[in-house]
Amino acid sequence: MPDLHHRNYRYPWYLIKILTFFAIYFSTAKLGLSLGAVNRFATRVWVPSGLAMAAILLFGYRLWPGILMGAFLVNLLNGAPLLVAVGIGIGNTLEALSGAYILKRYEFSHALDHLRDVLLLVLLAMPLSAFISATIGVSSLFLGKVIAFSSSYSTWGAWWIGDMISILILTPFLLTWSKWPHGKVPVKIFAEIGLLTLFVLVIGLIVFLGLFRTDHRVYPVTYLVFPPLIWASLRFGPRGALSAIFALSILAVVGTIKGLSPFTSGRLSDNLVLLQSFMGILAVTSMILAAVMAERREFEQRKDEFISMAGHELKTPLTSLQGYIELLHMKFAQQGNQETLSYLAKMATQINKLSKLITDLLDLSKMQAGKLAFAEEAVDVDALIREIVENLQYTTSQHQISIEGMAQREIVGDQERLGQVLINLITNAIKYSPHAKRIIVHLAHTHDTLTISVQDFGIGIPKAYQEKIFERYFRVYSGKDRTYPGLGIGLYIAYQIIERHSGKMWVESCEGQGSTFSFSLPFVGKA
Amino acid sequence: MKKILVVDDDADILDMMQLILKGEGYEVQTSLNGACFQQMYSELPDLIILDILLSGADGREICQQVKSREETRHIPVILFSAHFSARDITATIGADAFLPKPFHLVELINLVKRYL
C-alpha cells in the first residue's frame, strides 16, 4: 500500500536524505566545474548526472528536490542569473527523473547482467535524458543571454556528451555496487581480485599518467587498457567491468588534466571530450561483454538445474519399476515360470540401461557445475575389481572376463566413482567387441603408481578419433554398417573422475584388432 | 517381529517397500510425509528408511530430530534418494547409511539386514 507508506514517511529522515544527497551533488558539481567547462557552464566531467540517476533508481523519485537545489545553487554560485540557474536546475532534475523512469518502465535490472539492460541504458535512457538536460540547460543560458547563439551548438554538444558519459559509467557502477556481494569469497578469487586491481592500476598509470615513460613524448598506447578490461569483464561480470572502467576513468581524467595522457593535443576541454568518447566506447564494450558472459553463466546454471531436476523426476518412477520387476521376478522364480522370467530379465536390463543413462547425465551436469563431490577413503582395488568383474560377467555369456595381476595395496579415493570408471570401461569393451570372446583386466604397479587396463579384441578405434575419445559428447561414427548407441559422455565422465584422483587415462587401439583403455592412479602416502 | 518405518512422498514406492520388506518378514509402517514420526513414541521402530526430499516435511530435519532425541537416537536411519549427491549429507545429518534410487532388492535387503 504505497499511500500508507507515503503518509507514514518520516519527514526528518526524508529531509536528512535530501540534504545529504544535495551536499554530495553540490560538491561533485563544483569539482566538475573546476575541471574545464565550455562557456563556463557545460563541463566535461559531470559526476552529478550519473550520481543523480543512480540515486533516483535506488531511493525513489522523492529525492528530486536534492537535485534541483544542488544544480540551482552550484550554477547560481558559478555566476548564472537566477532564472537561468532555475532553468538549469529543472533540466538536470528532469534528466535524472526521465532516465530513471525509462529504466524502471522497461524493468531494468540493476545488476546489468543482461544485454537488454545494457542496451536499454546505452541506446535509450542515457542519450534521451542527457538530451533533455543539455537542451533545457543551453536554452536557459541562451535565453538568459549568458551565451551567444553561435556558441550554443558547441556548448550543447559538450553538455550532452559530458552528461552521457557520467550516466554511462557512474550510474551502472553505483547500481552494481548497491547490493554488497553476498557469500564468502574464496581465497583464490580474492587473490585474483588483488592481482586484477594491481593490473588495472599499473596499466592506467602507464597509459594515462606516463608511468615508466623516459622522455617527454606521449605514446599512443591506449589499446593497453583492453587486457585488464577483458579480464575484469570475463571473470567478474558487470560489477568487475564497471569497477575497472571507473578506476581507469579517474586515472584518465587526472592524467589528461595534468597533460600526461595521450589525449593532450589541444585545449583541456577538447582533450576531455576526446577522452570521454574513448572511455564511453570502452565502457559500452566492456559492459556488453560482461552482460553476455553473465547471461551465458545464468543459462548454464539453469541448464544444470533443469538436468538435475529432470534426472530426479525420471529416477523416481524408475525406482518403482525396478522394484516391482524384481518382486515379480521373485514370484515367478518361486513358480518356476521360465518364459516369464526371461521377459522380466529383458525388462530389467533395459531399466538398468535407462538408469545408467540418467545417472551419467546427472554426473555430467554436476561435473560441469563443479559440484561433483569425491569421497576420500581407502579402496581395496583388488576386491573392487573382483566384485565388478563378477557382476559384469553375468551380463555377457559370450565374453570371458579375466583379471591379470594384482594391486596388492590400497589406494585412497572414491570407491563408488572408481567402480563407475571400471564398469564403464568393461561395459564398453563388451559393447565394442561383439565377435570377440575375451576381455582382460590388467593390473600393474610400480612403487608409487597403479595402472589398470581393460583390453578388448573388438572393432578398435580409428587413429584419428583416439585423441578425441575422452571429449564430451564425442562418439565414433563408423558410418559403414552400424553405429553404437550412447550419448558419448561415459568416457568423458570416467576421464574426469580419474583426473580428479590425480591420475591419467589413455587409450591404445588398432582398428579391427581391439582397444586397451588404461588409467593410472598414485598410491598416496601408504606404503 | 522387527518394525521398520518407511517415509517417502511417492505412494507407489511406499507400497513397493512394504511388499519387499514384509516379504522378508518385517513389520512395516509407511508414511508419506513423516507425520507419523510424532506418533511413533508409543511404539518406536527398529529402523527408519527415509527419503530426503519430501513434499512438505524435509527428510533431513526428520533425521536430525531422530538423532537428537535421547529416546530415538539409537534407531538406525537409512537415507534413500534419487539425488546421488544426498550421499554427501548422510554423515552430516547423522544418518547411518545411504541407498541411491533406483536400487536392487538385494541391495535394500542386505542393507536392512546389516542394521537389524
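One residue stands out in segment B:77-111 among those that are away from every other protein chain (no Cβ under 11 Å) and surrounded by fewer than 19 Cβ atoms within 10 Å (Cβ to Cβ): the one that is nearest to residue A:391 (Cα to Cα), namely B:110.
Would you call residue A:320 in a helix (DSSP H, G or I), away from chain B (no Cβ under 14 Å) and farther than 18 Å from residue A:489 by Cβ? Against the criterion (in a helix (DSSP H, G or I), away from chain B (no Cβ under 14 Å) and farther than 18 Å from residue A:489 by Cβ), residue A:320 does not qualify. The one condition from (1) buried (at least 19 other Cβ atoms within 10 Å of the Cβ); (2) farther than 15 Å from residue A:361 by Cα; (3) at pLDDT below 90 that residue A:315 does not meet is (2).
Across segment B:56-76, the qualifying residues are those that are assigned to a loop (DSSP other than H, G, I, E, B) and under 20 Å from residue B:108 (Cβ atoms), and the one among them that is nearest to the other protein chains (Cβ to nearest Cβ) is B:76. Taking the criterion of being at positive phi and more than 18 Å from the chain's Cα centre (by Cα), the residues of segment A:165-220 that qualify are A:210, A:212. In this entry, residue A:348 is excluded by the filter for residues that are away from chain B (no Cβ under 14 Å) and touching a His at 6+ places or on another chain (Cβ under 8 Å). Can you find even one residue in segment A:448-458 that is exposed (fewer than 14 other Cβ atoms within 10 Å of the Cβ) and touching a residue at least 12 places away in the same chain (Cβ under 8 Å)? Yes, that holds for at least one residue. Within the set A:299, A:278, the sole residue that is surrounded by fewer than 16 Cβ atoms within 10 Å (Cβ to Cβ), of a type outside the set (Lys, Arg), away from chain B (no Cβ under 14 Å) and in a helix (DSSP H, G or I) turns out to be A:299.
Selection within segment A:359-373: residues that are more than 9 Å from chain B (Cβ to nearest Cβ) and surrounded by 15 or more Cβ atoms within 10 Å (Cβ to Cβ). The member of this set that is nearest to residue A:395 (Cα to Cα) is A:360. Being touching a residue at least 24 places away in the same chain (Cβ under 8 Å), buried (at least 16 other Cβ atoms within 10 Å of the Cβ) and over 23 Å from the mean Cα position of the chain (by Cα) is the requirement here; does residue A:256 meet it? Answer is yes for this residue. For segment A:374-390, the candidate set comprises residues that are free of Cβ contacts under 8 Å to residues at least 60 places away in the same chain and among the hydrophobic types (A, V, I, L, M, F, W, C); within that set, the residue that is nearest to the other protein chains (Cβ to nearest Cβ) is A:375.
The values are calculated or read from the model by the stated rules, or taken from the named source; none is laboratory data. Keep in mind that what you see is a predicted model, and the values were worked out from it rather than measured. We place every Cβ from the backbone using ideal geometry, glycine too, and count neighbours over all the protein chains shown.
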